[in-house]
Amino acid sequence: MMPDEVDKKIAFILDMQAQFETNMGKLASNLARSETNIDKFRDSVVDLKVTVADLAGVVRESAKLSDGRFTRLDQRMLELADAQKTTDERLNALISVVERHNTGPDHAPRP
């Protein structure tokens with residue numbers, strides 16, 4: 001091999017080594033940024049877990065309150081149905097009295 005060819009190959013190898021070093025520097029920088037982003041992401045996930053746990057607690061409490069309210073509402077609806085039944089019975093009794101009064105001997109058709 002000629003000295004020029006050897007010099008060119010050495011120059012090529014040195015250029016490749018320099019490019020490799022530059023690329024390794026970029027990779028190291030990218031890796032550092034990625035590690036920082038992963039740390040931030042990890043912190044965000046921890047914060048999200050706390051928030052979800054808090055929300056789950058709020059939902060549980062809301063469900064308990066709603067269950068209690070629905071139970072009371074069911075009881076009131078039953079009481080209202082009973083009161084309506086009593087009202088219907090009393091109204092039917094009143095209707096019967098009025099009908100007997102309207103159809104009694106004083107209101108019979110005259111011959």
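Bear in mind that the values in this text are calculations on the coordinates, not laboratory data. Just so we're clear, the structure is a prediction, and the values are computed from it rather than from any experiment.
Data for the structure
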| quantity | calculated |
| --- | --- |
| Within a Gaussian network of the chain (alpha carbon springs, distance under 10 Å), most fluctuating of 66, 29, 96 | 96 |
| Inter-part distance where region 1-41 and region 53-94 are each reduced to a Cα centre, Å | 75 |
| MRE, 222 nm, helices only [DSSP H, n ≥ 4, -39500 (n - 2.57), over the chain, to nearest 500] | -34500 deg cm²/dmol |
| 10 °C / 1.306 mPa s Stokes-Einstein diffusion coefficient of the chain, Kirkwood radius on C-alpha pairs, µm²/s | 65 |
| Size of region 8-72 as Cα extents on the principal axes (Å, biggest first) | 93, 13, 6 |
| Cα radius of gyration and Dmax for region 39-100 (Å) | 26.3, 89 |
